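The values are calculated or read from the model by the stated rules, or taken from the named source; none is laboratory data. This one's a predicted model, so the numbers in the text were calculated from it and none came from an experiment. Cβ placement follows ideal geometry from the backbone for every residue including glycine, while neighbour counts extend to all protein chains displayed.
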Ligand SMILES: Cc1cc2nc3c(=O)[nH]c(=O)nc-3n(C[C@H](O)[C@H](O)[C@H](O)COP(=O)(O)OP(=O)(O)OC[C@H]3O[C@@H](n4cnc5c(N)ncnc54)[C@H](O)[C@@H]3O)c2cc1C
């Protein structure tokens with residue numbers, strides 16, 4: 001934590017527990033990574049969506065060596081990374097009191113390049129497994145040329161904050177007799193049936209595919225034990 005990551009607005013919604021921060025990062029799929037781009041004469045902010053992975057108290061980012069964002073970040077440009085989970089729409093009896101339930105994390109700092117081969121391979125596997133848990137063990141190892149041709153950055157999670165809204169409708173007392181429907185519309189990641197490519201058509205769908213989910217216990221409306229998908 002730091003002055004820069006101390007919540008000023010609604011500080012009661014701050015979550016200081018590191019495990020809770022890690023849980024949000026582990027559940028999220030996309031990070032929005034911001035930095036100041038451009039040259040000295042024409043600096044401008046840019047925010048780019050990226051995949052990421054957490055390992056302990058660090059976050060990994062990766063991409064093509066040509067990526068402007070990765071090139072600037074590895075040269076020392078500070079980054080600000082945001083991950084947001086939307087949990088519900090909050091419908092109140094006035095427009096002003098409509099809201100969203102969410103958990104979000106903002107992390108700031110300077111990323112450095114991961115150059116050591118084994119560490120880089122581990123980080124790349126972590127990136128695969130973040131998105132599809134258990135996947136890296138089911139696919140071939142990365143070729144050296146693939147590892148060399150990918151930039152991996154590591155960002156310490158030393159300076160980060162979490163904010164969460166988890167309560168129900170907060171209506172003005174005068175509005176409570178209003179007939180408008182009020183309550184929550186819960187939101188989650190919707191998961192469809194896996195669609196095999198031509199080479200996998202007819203093959204048994206492995207568990208890490210059939211039971212892919214995001215969030216604790218979420219099967220996103222699918223039956224808990226789909227038939228024939230063990
Ligand atoms: C869900 C998701 C996950 C992604 N994961 C990764 C990842 O892990 N690693 C990775 O390298 N890239 C990832 N990308 C692509 C990434 O968003 C960038 O397009 C890419 O990294 C190139 O970045 P750059 O800074 O070199 O972009 P540049 O091409 O240099 O950006 C120039 C301009 O192009 C526009 N632009 C760039 N990217 C986007 C975009 N995604 N959407 C709209 N406009 C854009 C912006 O206006 C930007 O200022 C992901 C994209 C999405 C949507």
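Checking the condition in a helix (DSSP H, G or I) and over 26 Å from residue 188 (Cα atoms), which residue from 70, 35 passes?
On inspection, the qualifying residue turns out to be 70.
Hey, which of the strands (runs of 3 or more DSSP E) in segment 146-198, taking only ones fully inside, have at least 1 residues that are closer than 30 Å to residue 115 by Cα and in contact with a helix residue (DSSP H, G or I) (Cβ under 8 Å, 6 or more places away or on another chain)?
Answer list for segment 146-198: 151-156, 159-165.
Which of the numbered conditions does residue 15 fail, given that it passes all the others? Conditions: (1) away from the ligand (no atom under 16 Å from the Cβ); (2) within 16 Å of residue 106 (Cβ to Cβ); (3) surrounded by fewer than 17 Cβ atoms within 10 Å (Cβ to Cβ).
Unmet condition: (3).
State yes or no: is residue 126 more than 13 Å from residue 50 (Cβ to Cβ), outside any strand (DSSP E or B), within 16 Å of the chain's Cα centre (by Cα) and more than 11 Å from the ligand (Cβ to nearest atom)?
Answer is yes for this residue.
Using the structure shown, decide if residue 102 is part of a strand (DSSP E or B), within 16 Å of the ligand (Cβ to nearest atom) and under 21 Å from the mean Cα position of the chain (by Cα).
no
Working only within segment 57-67, note down all residues that are near the ligand (Cβ under 9 Å from one of its atoms), over 13 Å from the mean Cα position of the chain (by Cα) and in a strand (DSSP E or B).
Scanning segment 57-67 gives 62, 63.
Here is a check on your reading of the model: is residue 54 over 25 Å from residue 145 (Cα atoms), under 21 Å from the mean Cα position of the chain (by Cα) and part of a strand (DSSP E or B)? Spell out the reasoning first.
On the way: over 25 Å from residue 145 (Cα atoms): no; under 21 Å from the mean Cα position of the chain (by Cα): yes; part of a strand (DSSP E or B): yes.
Judged against the criteria, residue 54 is not a match.
For segment 68-88, give me each residue that is more than 9 Å from the ligand (Cβ to nearest atom), farther than 26 Å from residue 214 by Cβ and buried (at least 17 other Cβ atoms within 10 Å of the Cβ).
The answer is 73, 74.
Could you please tell me which pairs satisfy a Cβ distance under 6 Å, a separation of 6+ or placement on different chains, a first residue in segment 65-82 that is in the same structural domain as residue 159 (by TED's automatic domain parsing) and in contact (Cβ under 8 Å) with a residue 40 or more places away in the chain, and a second residue that is near the ligand (Cβ under 8 Å from one of its atoms) and part of a helix (DSSP H, G or I)?
Pairs found: none.
Scan segment 134-145 residue by residue and report those that are surrounded by 12 or more Cβ atoms within 10 Å (Cβ to Cβ) and either in a loop (DSSP other than H, G, I, E, B) or outside the structural domain of residue 123 (by TED's automatic domain parsing) (or both).
134, 135, 142
Quick check on segment 5-12. Is at least one of its residues within 19 Å of residue 110 (Cα to Cα) and either away from the ligand (no atom under 14 Å from the Cβ) or surrounded by fewer than 18 Cβ atoms within 10 Å (Cβ to Cβ) (or both)?
Looking for residues that are within 19 Å of residue 110 (Cα to Cα) and either away from the ligand (no atom under 14 Å from the Cβ) or surrounded by fewer than 18 Cβ atoms within 10 Å (Cβ to Cβ) (or both), one finds at least one in segment 5-12, hence yes.
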